[in-house]
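Colleague: One structure, pasted below without further comment.
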Amino acid sequence: MDESPLLRAAATLLFAVDLDGRPIGTHEFRVEARDETVNVRSLATFDVRLLGIRVYRYRHESVETWDDGCLRALSASTDDHGRRTTVVASPSPDGGLRIVTNGATSDARGCIRAFAYWRPEWLAAPTLLNPQTGRLDEARWMGLGDEPLVLADGRSVSSRRWRLRAGGLDIDLWYDGAGDWLQLVSSTADGRRLRYRRQ
């Protein structure tokens, strides 16, 4: 896949998120690139309601710093319906990352990458750091070919579909010819369909 234009500029990516076709919130990514350094801020806000009553609440916020294609620092907080997790990663003495998850420390060696959906080339790694759990998930990245995609505004565009198999989930992602991220579809742990659509 060609280099995404997001690596050469500042951009805000806003996705409308639905669960089984019902809107539940948004996920915003602010990506700022300067030379080989990329800074990313991510904010997800989901609320699932049943008969007007909120039955599920999810909040996730993270700040990432990347350098030359490797994750150099991460600060993330997640509230998964009352279950709170904080993950902080910083450079370790051996050149990898020291990861602190709710106070528990682990070290990861080498060039570490995370779930950089906005930068698909970086998803082709054997493991990816999950900013919600602090774990390194085994990962496999595969192309599924070209196909038309209907955007949120009703337009149909050509896209390339990829699949990321990681953390026990299949995550399908669509990108346009320039490498810009357009859509994500995955199943939740209880078998429901989660979809991101670029606004």
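Bear in mind these aren't lab numbers, they're just calculated from the coordinates by the rules spelled out. What you are looking at is a predicted structure, and each value in this text was computed from that prediction instead of being measured. Counting neighbours? That spans all protein chains shown, and the Cβs are built from the backbone with ideal geometry, glycine included.
Colleague: Quick one: is residue 188 closer than 23 Å to residue 63 by Cα and among the polar types (S, T, N, Q)?
Modeller: Working: closer than 23 Å to residue 63 by Cα: no; among the polar types (S, T, N, Q): yes.
Taking the combined requirement at face value, the residue does not satisfy it.
Colleague: Can you name the residue in segment 88-113 that is of a type in the set (Lys, Arg) and part of a loop (DSSP other than H, G, I, E, B) and, of all such residues, is nearest to residue 127 (Cα to Cα)?
Modeller: Going through the qualifying residues, I end up with 113.
Colleague: If you don't mind, another one. For residue 79, indicate whether it is over 23 Å from residue 170 (Cβ atoms), touching a Lys or Arg at 6+ places or on another chain (Cβ under 6 Å) and either touching a residue at least 60 places away in the same chain (Cβ under 8 Å) or surrounded by fewer than 13 Cβ atoms within 10 Å (Cβ to Cβ) (or both). Outline the logic, then answer.
Modeller: Working: over 23 Å from residue 170 (Cβ atoms): yes; touching a Lys or Arg at 6+ places or on another chain (Cβ under 6 Å): yes; either touching a residue at least 60 places away in the same chain (Cβ under 8 Å) or surrounded by fewer than 13 Cβ atoms within 10 Å (Cβ to Cβ) (or both): no.
So residue 79 fails the test.
Colleague: Next question. Taking the options 165, 119, name whichever one is under 18 Å from residue 66 (Cα atoms), within 15 Å of the chain's Cα centre (by Cα) and either surrounded by 12 or more Cβ atoms within 10 Å (Cβ to Cβ) or touching a residue at least 60 places away in the same chain (Cβ under 8 Å) (or both). Show your work before the answer.
Modeller: Values: 165 fails: under 18 Å from residue 66 (Cα atoms).
None of the other options fit; the residue is 119.
Colleague: Do you know which residues across segment 141-159 are surrounded by fewer than 12 Cβ atoms within 10 Å (Cβ to Cβ) and assigned to a loop (DSSP other than H, G, I, E, B)?
Modeller: 153, 154, 155 - these are the residues of segment 141-159 that are surrounded by fewer than 12 Cβ atoms within 10 Å (Cβ to Cβ) and assigned to a loop (DSSP other than H, G, I, E, B).
Colleague: Let me ask something else. Spot the failing condition for residue 171; the list is (1) more than 19 Å from residue 122 (Cβ to Cβ); (2) part of a strand (DSSP E or B), and only one is missed.
Modeller: With (1) more than 19 Å from residue 122 (Cβ to Cβ); (2) part of a strand (DSSP E or B) applied to residue 171, the lone miss is (1).
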